[in-house]
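Participant: Following this message is one structure expressed as structure tokens.
The values are calculated or read from the model by the stated rules, or taken from the named source; none is laboratory data. Small disclaimer: the values here were computed from a predicted structure and weren't measured. We place every Cβ from the backbone using ideal geometry, glycine too, and count neighbours over all the protein chains shown. When the accessible area is computed, the model is the full protein with side chains, heavy atoms only, and any ligands, DNA or RNA have been set aside. Shrake-Rupley method; radii C 1.70, N 1.55, O 1.52, S 1.80 Å.
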Amino acid sequence: MPYHLGIDVGGTKVALRAEHTDGTVREAGFRWPRAPDGPVHAAADLDLLARQIRELCAVAPDEWAGVGVAMPATLDAAGVVTAWPNRPGWTGLDLGGALREVFGTAEVVCADDGDLAALAEAQAAGRPDLLYLGVGTGVGGGIVHGGRLLPGPSRGSCEIGHLIVDRSGELCDCGRRGCVQSVASGPAVLRRAARARGTEVTFPELVKALADGTSWAADAVREGCAALAAAAVGVGELLRPAVVVVGGGFADALPGFTETVGAETARLARPGFPPPSVEPARLGGLSSLHGAVLLAKGRPPEN
């Protein structure tokens, strides 16, 4: 059983990384099909995932040493999806059972994508204490304290994207107003940019406008970064992480994003209590994927 497989399941795309015991690494990725005219069908998604996995490694299910899955969806203790706004058709899916059908007798373990990203970044940086902020389709995050995840695998995930930073703010996918995610996620930044510009904004257009110093782009990004900074400073007051790491596909692909979060964080300093430093993710937009591989290999440790 030579392969450890990490699967990073996102709201818009999926990344796969298989590590062989001989050092061989294979990676692949794909985007979920869009279903604008109706609910997403979980069965079709799972069929696509299974095909991509088989194409990646061309191995039989009994050759997996372990499988780790990074998930943005909310799962109950039995591995059933209880909520996932980006793929609503998955609600009620027995994800654990579905994955066991794909991988046979291999051990398959699921965990929150933000938690796993934090674990991978802590290992990459050699730091036992950090706060991770992952900005993509949503906003995820994780806390590593003393080398362990908080609150810990047995107690649920660290949902920093749902910290409320503006009680009268935008409506979040979760149904509340003013969550970090409602302000700082990639779609939230693009919506805010579109309102300021007066027309729809694509991500490449945002990147170009930001590089050109266009005000509607700079203001839209800065507002999202300010929300992330508020969350980072709030967590810092409680736990004193050594560093805040900013990653995720949106943040990694947007030049100057992490630096802006750092500047907004520094602006919130109070006398005698400097905020933590802010650094870009060492693993770029692949932190959750590397964390999934760690999970496949037997981490994270239980509290």
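Participant: Select from the chain the helices, each a whole stretch of DSSP H, whose alpha-carbon atoms run 15 Å or more along the helix axis and whose Kyte-Doolittle mean is at least 0.0; answer none if there are none. Don't skip to the end; give the middle numbers.
Facilitator: On the way: long enough: 42-57 (23 Å, 0.40); 113-125 (18 Å, 0.31); 186-197 (16 Å, -0.40); 215-239 (35 Å, 0.99); 257-267 (16 Å, -0.31).
Qualifying helices, which must be both long enough and hydrophobic enough, are 42-57, 113-125, 215-239.
Participant: Under a Cβ-only charge scheme (Lys and Arg +1, Asp and Glu -1), can you give me the dipole magnitude of the range 95-174 about the Cα centre, in debye to the nearest 20? Don't jump to the answer; show the numbers that get you there.
Facilitator: Details: 5 positive and 11 negative charges, 52 e Å.
Here the range 95-174 has a charge dipole of around 260 debye.
Participant: Rg(Cα) of the chain divided by 2.2 N^0.38 Å? Don't skip to the end; give the middle numbers.
Facilitator: Working: Rg = 19.0 Å, N = 303, 2.2 N^0.38 = 19.3 Å.
Dividing the Cα Rg of the chain by 2.2 N^0.38 Å gives 0.99.
Participant: Along the Cα→Cβ direction, 7 angstrom out, place labels at LYS13 and ARG34. What is the inter-label distance in nm?
Facilitator: Label at LYS13, label at ARG34, 1.5 nm between them.
Participant: Right, something else. Mind checking the dipole of the chain: about its Cα centre, +1 per Lys or Arg Cβ, -1 per Asp or Glu Cβ, Debye to the nearest 20? Mind dumping the intermediate values first?
Facilitator: Working: 27 positive and 34 negative charges, 130 e Å.
Here the chain has a charge dipole of around 620 debye.
Participant: Right, next: If you count, for each residue, the other Cβ atoms within 10 Å and average over each peptide, how do 81-91, 66-76 line up from highest to lowest?
Facilitator: Values: 81-91: 17.8, 66-76: 22.0.
So the order, starting with the most tightly packed, is 66-76, 81-91.
Participant: May I ask you to evaluate 6.51 cos²θ - 1.76 cosθ + 1.60, the Karplus curve with θ = phi - 60°, for each residue of the range 175-182 and list the ³J(HN,Hα) values in order in whole Hz, giving x for glycine and proline?
Facilitator: x, 8, 10, x, 5, 3, 4, 5
Participant: Turning to a different aspect of this structure: What FRET efficiency comes out for ARG177 versus ALA77 if R0 is 35 angstrom and r is the Cβ-Cβ distance? Round to the nearest 0.05.
Facilitator: Details: r = 29 Å, r/R0 = 0.83.
Efficiency, from the Cβ-Cβ distance: 0.75.
Participant: Counting each DSSP H run of 4 or more residues in the chain as -39500 (n - 2.57), what helix-only mean residue ellipticity at 222 nm follows after dividing by all residues, to the nearest 500 deg cm²/dmol? Could the numbers behind the result be given before it?
Facilitator: Details: 10 runs with 115 residues, N = 303.
-11500 deg cm²/dmol, from helical runs alone.
Participant: Counting heavy atoms of the protein chains only and a 1.4 Å probe, report the per residue accessible area for the chain as a whole number of Å². Could the numbers behind the result be given before it?
Facilitator: Working: 13860 Å² over 303 residues.
Value for the chain: 46 Å² per residue.
Participant: Now, a different point. What does the convex hull of the Cα atoms come to per residue for the range 116-282, in Å³?
Facilitator: Details: hull volume 18.7 nm³, N = 167.
That works out to 112 Å³ per residue.
Participant: Once the Cβ-Cβ distance between ASP219 and ASP22 is put in as r, and R0 is 51 Å, what FRET efficiency do you end up with, to the nearest 0.05?
Facilitator: Values: r = 51 Å, r/R0 = 0.99.
Computed FRET efficiency for ASP219 and ASP22 comes out at 0.50.
Participant: Skipping prolines and chain starts, which residues have an amide H placed within reach, meaning under 5 Å, of the one on VAL278, given they are 5 or more residues away or on another chain?
Facilitator: Residues meeting the criterion, in which the H sits 1.01 Å from N, are VAL244.
Participant: Can you give the Kirkwood hydrodynamic radius for the range 3-105, in Å, rounded to one decimal and based on Cα pairs? It would help to have the intermediate numbers written out before the result.
Facilitator: Values: mean 1/r = 0.0702 Å⁻¹.
Evaluated over the range 3-105, this radius sits at 14.2 Å.
Participant: I want to verify a result. In a Gaussian network model of the chain, Cα cutoff 10 Å, which of these has the top mean-square fluctuation: CYS57, CYS174, CYS225?
Facilitator: Looking only at CYS57, CYS174, CYS225, the largest GNM fluctuation is found for CYS174.
Participant: Okay, next question. Tell me, what % of the accessible area of the range 3-105 is carbon and sulfur with a 1.4 angstrom probe? Can you show the working numbers first?
Facilitator: On the way: 2530 of 5010 Å².
Answer for the range 3-105 is 51 percent, counting heavy atoms of protein chains only.
Participant: By per-residue mean of other Cβ atoms within 10 Å, what is the highest-first order of 103-111, 187-195, 285-293, 20-28? Spell out each step's value before the answer.
Facilitator: Numbers: 103-111: 18.0, 187-195: 20.1, 285-293: 28.4, 20-28: 10.8.
In decreasing order of mean packing, 103-111, 187-195, 285-293, 20-28 become 285-293, 187-195, 103-111, 20-28.
Participant: Using a 1.4 Å probe on the protein heavy atoms, what percent of the accessible area of the range 116-282 belongs to carbon and sulfur?
Facilitator: Numbers: 3940 of 7500 Å².
Heavy-atom surface of the range 116-282 belonging to carbon and sulfur, 1.4 Å probe: 52 percent.
Participant: In the range 65-174, what trypsin sites (Lys or Arg not before Pro) fall in a loop by DSSP, with at most 12 other Cβ atoms inside 10 Å? Please report the intermediate quantities before stating the final value.
Facilitator: Numbers: sites: ARG100, ARG148, ARG155, ARG167; in loops: ARG167.
Sparse-neighbourhood loop trypsin sites (Lys or Arg not before Pro): ARG167.
Participant: So, with +1 on the Cβ of K and R and -1 on the Cβ of D and E, and no other charges, what is the size of the charge dipole of the range 116-282 about its Cα centre, to the nearest 20 debye? Walk me through the intermediate numbers first.
Facilitator: On the way: 16 positive and 16 negative charges, 68 e Å.
The dipole magnitude comes to about 320 debye.
Participant: Work out the FRET efficiency for ILE164 and ALA266 from their Cβ-Cβ distance, taking R0 = 30 Å, and round it to the nearest 0.05. Intermediate values should be presented prior to the final figure.
Facilitator: Details: r = 23 Å, r/R0 = 0.75.
With R0 = 30 Å, the Cβ-Cβ based efficiency is 0.85.
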